[in-house]
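Notes for the one structure printed next.
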Amino acid sequence: MPRPEEVALPSRRERFEDRRKEASHRDLLDQFFDHRTLLAVSRLVNQGLIDSIDFPIATGKEGGVFRATRGDEYRAVKIYRIANATFRNLPAYALDELRRETSVRNYGGLIFAWTRREHTILGRLADAKVRAPYPYGHLRNCLVMEFVGNEAGAAPRLLDAQVDDPEAVYQDLVLQIGRMVRDARLVHGDLSPYNTLLFEGRVVLIDVAQAVTVEHPQALALLERDIANFARFVGRLGFEVDPEEFLRAVGGTDLRPPPAEA
Ligand SMILES: Nc1ncnc2c1ncn2[C@@H]1O[C@H](COP(=O)(O)OP(=O)(O)OP(=O)(O)O)[C@@H](O)[C@H]1O
Ligand SMILES: [Mg+2]
């Protein structure tokens, strides 16, 4: 116990700062952790999927991703906001896909189905050995997955990362997207340097809920767009790649309908 004279009292200014920090923290908590979400989080704890939620890694309009701890490892928890119109921004094809696989009657149900969908797709990617966060479980609007990062923090998005060898990043993208297309039989559909992390020099694909199967009528068009995003990105970094060549390298040209017989 320190003696009373050793305890430094916070100045008036510090107290004010503390209150401000507390208020903005409370705002964040209110936005994400409505009553139902809090219950879901406490069940994740009871189920042993996490011990605690530590701090936000990123928060956006549709949800937030938080670092969590379980035992001696970190995990990431993605929480979709229930109180927000997440699905207004969803591409129509993704919504169709969702409606096809679930009978969703209300908005909350749609979010829960969307969370489950992200979990399922991450599982399929894990089976195909695509580098993406491993999904540990989901409950309502919460998804528990592997944390991409270390003690120092979460891995940066490819967009923000320092890339020393763009060709190596390209080759890694070819490998990961190739496994996604050929082995998982999925097209991401929203792939870009925003939805890719760079960790220990290698790419990690994230934010996969809108992925579609290669049989989907829009699969090829979506893959072409994903590829074009990356071709532009590595091109800006000084590694020029022909999008058609990139598409072929990931098995995308196989998705083209066979030429009609003469
Ligand atoms: N498993 C993870 N490990 C570490 N960081 C993660 C993980 N998943 C997501 N993040 C971080 O959270 C951010 C948002 O994640 P994600 O893209 O899945 O959600 P989102 O709802 O699309 O949010 P945004 O609209 O910001 O892209 C990512 O850019 C990344 O910084
Ligand atoms: Mg995203």
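The numbers here are math on the coordinates, done by the rules we state, and not lab data. This structure is a prediction, so every number in the text was calculated from the model and none was measured. No Cβ is skipped: glycine too gets one built from the backbone with ideal geometry, and neighbour counts run over all protein chains shown.
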- request: Might you report the magnitude of the Cβ-based charge dipole of the chain about its Cα centre, with Lys and Arg at +1 and Asp and Glu at -1, to the nearest 20 debye?
  value: 1140
query: Any idea what diffusion coefficient the range 116-262 gets from Stokes-Einstein, in µm²/s, Kirkwood Rh on alpha carbon pairs, 25 °C, 0.890 mPa s?
result: 156
- request: Select from the range 99-173 those GluC sites (Glu not before Pro) which occupy a DSSP coil region and have at most 14 other Cβ atoms within 10 Å, ordered by residue number.
  value: Glu151
- prompt: Taking the convex hull of the alpha carbon atoms in the range 32-150, what volume per residue do you get, in Å³?
  reply: 116
field: In range of the label at Arg185: residues from the range 236-258 whose backbone nitrogen is under 14 Å from the point 7 Å along Cα→Cβ
entry: 255
message: Connecting C-alpha atoms closer than 10 Å in a GNM of the chain, tell me which of Leu159, Leu220, Leu247 has the biggest fluctuation.
response: Leu159
- request: With the Cα gyration tensor of the chain in hand, convert its eigenvalues to equivalent ellipsoid semi-axes via √(5λ) and list them largest first in whole Å.
  value: 38, 24, 16
Estimated inter-spin distance, Arg13 and Arg26, nm [label 7 Å along Cα→Cβ]: 2.4
field: Top positive-direction residue, dipole computed over the chain with Cβ charges, set Gly64, Gly178, Leu38
entry: Leu38
- request: Along Cα→Cβ, 7 Å out, is where each label goes; now give me the distance between the ones at Arg99 and Phe199 in nm to one decimal.
  value: 3.6
query: What nm value, rounded to one decimal, do you get for the distance between Asp160 and Lys61 when each label is placed 7 Å out toward the C-beta?
result: 2.0
- line: The size of the Cβ-based charge dipole (Lys, Arg +1; Asp, Glu -1) of the range 155-255 about the Cα centre, to the nearest 20 debye, is 220
field: By average C-beta atoms within 10 angstrom, highest first, the peptides 62-69, 15-22
entry: 62-69, 15-22
- prompt: Counting alpha carbon pairs within less than 8 Å and at least 6 residues apart, what relative contact order, in whole percent, applies to the chain?
  reply: 14
task: Give a quick list of GluC sites (Glu not before Pro) in the range 227-262 that DSSP marks as loop, anything other than H, G, I, E or B, with at most 16 other Cβ atoms within 10 Å.
output: Glu240, Glu261
